[in-house]
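J.: Pasting a structure below so you can have a look.
FYI, it's all coordinate maths here, none of it is from the lab. Small disclaimer: the values here were computed from a predicted structure and weren't measured. Don't worry about glycine lacking a Cβ; one is built from the backbone with ideal geometry, like all the others, and counts go over all protein chains shown.
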Amino acid sequence: MNKFLTLVVLCVASTAFATIHNVTVSGLSFTPANITIQQGDTVRWTKGGGLHNVAEVTATPVFRSGNPTSSPFVYDFAFNAPLAGTYNYECEVHFSVGMVGTVTVEVPPPPCLDPTDLVIKWEAADQVHVYWQAPQMGHYVVYGTADATLATTPPGPGWSVAAEVDVAAIGQADVVITGLSDQQFFVVVQDCTP
Ligand SMILES: [Cu+2]
């Protein structure tokens, strides 16, 4: 008898929905005039009456709704990477009477990646030279324990800091751990706490 095995693979798209931030273009002002958003978010300017537009203030505007118009409009602009920092914008008709605003785009910190396991380069009576591959620049901490059966992971109970290394380049990093009096087990982790 044939047996058929059907594999059903469910692909669940993990789409992160960007936030839309609303700014009203009305009177002689943008409301709110100054907003802070996350990179990837969209700002939506909604205009009623009056002769206005939305234009970032540089020779080559990063965003611009078009020429000033009396018609209502909804103008969306997505502040995707690599856009970051503060963008000043204005209504090109009324900037001189204070119809200006800012959008500050914050960039989320990169994810904290795990380094590879430690490899022993050499060991002596009271010291050991270990290395690992660092997936990103950052602060790495080597934790040690004499208890090979510890159920916790560093920096949990039972672990103590054996060495700390600020890694300035992606790739191989190493450290010599000295002053060892008995057998120790070491684990390296990246410390991404700000
Ligand atoms: Cu205006």
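J.: Give a residue-ordered list of calculated ³J(HN,Hα) values for the stretch 113-124 (Karplus: 6.51 cos²θ - 1.76 cosθ + 1.60, θ = phi - 60°; whole Hz; x for Gly, Pro).
T.: Karplus values, whole Hz, x for Gly and Pro: 9, 7, x, 6, 5, 6, 10, 7, 7, 7, 9, 10.
J.: Also, I was wondering about something else. If amide H atoms are built 1.01 Å from N in the plane of the peptide, which residues on other chains or at least 5 residues away come under 5 Å of the amide H of Ser26?
T.: When sequence neighbours closer than 5 places are left aside, the close amide H contacts are Thr31.
J.: Okay, next question. Would you calculate the separation in nanometres between label points at Thr31 and Gln172, each defined as 7 Å from the Cα along the Cα-to-beta-carbon direction?
T.: 6.4
J.: What residue among Val62, Phe95, Leu83 has its Cα farthest toward the positive end of the dipole of the stretch 20-106, where the charges are +1 on Lys, Arg and -1 on Asp, Glu, each on the Cβ?
T.: Selected residue: Phe95.
J.: On to the next question. Given H placed 1.01 Å from N in the peptide plane, which residues other than close sequence neighbours of Ala146 have an amide H under 5 Å from its amide H?
T.: For Ala146, the qualifying residues are Phe185.
J.: Now for a separate question. For the stretch 168-174, what does the Karplus curve 6.51 cos²θ - 1.76 cosθ + 1.60, with θ = phi - 60°, yield as ³J(HN,Hα) per residue in whole Hz, taken in order and with x for Gly and Pro?
T.: Whole-Hz 3J(HN,Hα) from phi for the stretch 168-174: 9, 8, 5, x, 6, 10, 8.
J.: Multiplying the sequence separation of Trp122 and Phe185 by 0.36 nm and subtracting their Cα-Cα distance, what value in nm do you get?
T.: Working: separation 63, 0.36 × 63 = 22.68 nm, distance 1.45 nm.
Full extension from Trp122 to Phe185 adds 21.2 nm.
J.: Roughly how many nanometres apart are two label points built 7 Å out from the Cα toward the Cβ at Gln39 and Thr193?
T.: If labels sit at Gln39 and Thr193, their model points lie 2.5 nm apart.
J.: Further question: Specify whether the C-alpha gyration tensor of the stretch 111-194 places it in the rounded, prolate or oblate class, a ≥ b ≥ c being the square roots of the eigenvalues: rounded for a/c under 1.5, otherwise prolate if a/b is larger than b/c and oblate if not.
T.: Numbers: a/c = 2.09, a/b = 1.28, b/c = 1.63.
Because a/c hits 1.5 or more and a/b fails to exceed b/c, the stretch 111-194 counts as oblate.
J.: Going by amide H atoms built from the backbone, whose H comes under 5 Å of the H on His21, apart from near neighbours?
T.: Thr42, Val43, Arg44
J.: Still on this structure, I have one more. In debye to the nearest 20, how big a dipole does the chain give about its Cα centre with +1 on each Lys and Arg Cβ and -1 on each Asp and Glu Cβ? Walk me through the numbers before you get to the answer.
T.: On the way: 5 positive and 16 negative charges, 207 e Å.
With only Lys, Arg, Asp and Glu charged at Cβ, the dipole is about 1000 debye.
J.: In percent, how large is the relative contact order of the stretch 85-145, given Cα pairs closer than 8 Å and 6 or more residues apart? Walk me through the numbers before you get to the answer.
T.: Values: 54 pairs, mean separation 13.8, N = 61.
It comes to 23 percent, rounded to a whole number.
J.: Can you tell me the Rg and the Dmax, both Å, for the Cα atoms in the chain?
T.: According to the Cα coordinates of the chain, Rg and Dmax are 27.6, 84 Å.
J.: Something else: Tell me, what is the percent relative contact order of the stretch 7-140, built from C-alpha pairs under 8 Å that lie six or more residues apart?
T.: Details: 241 pairs, mean separation 28.8, N = 134.
With pairs under 8 Å counted, the relative contact order is 21 percent.
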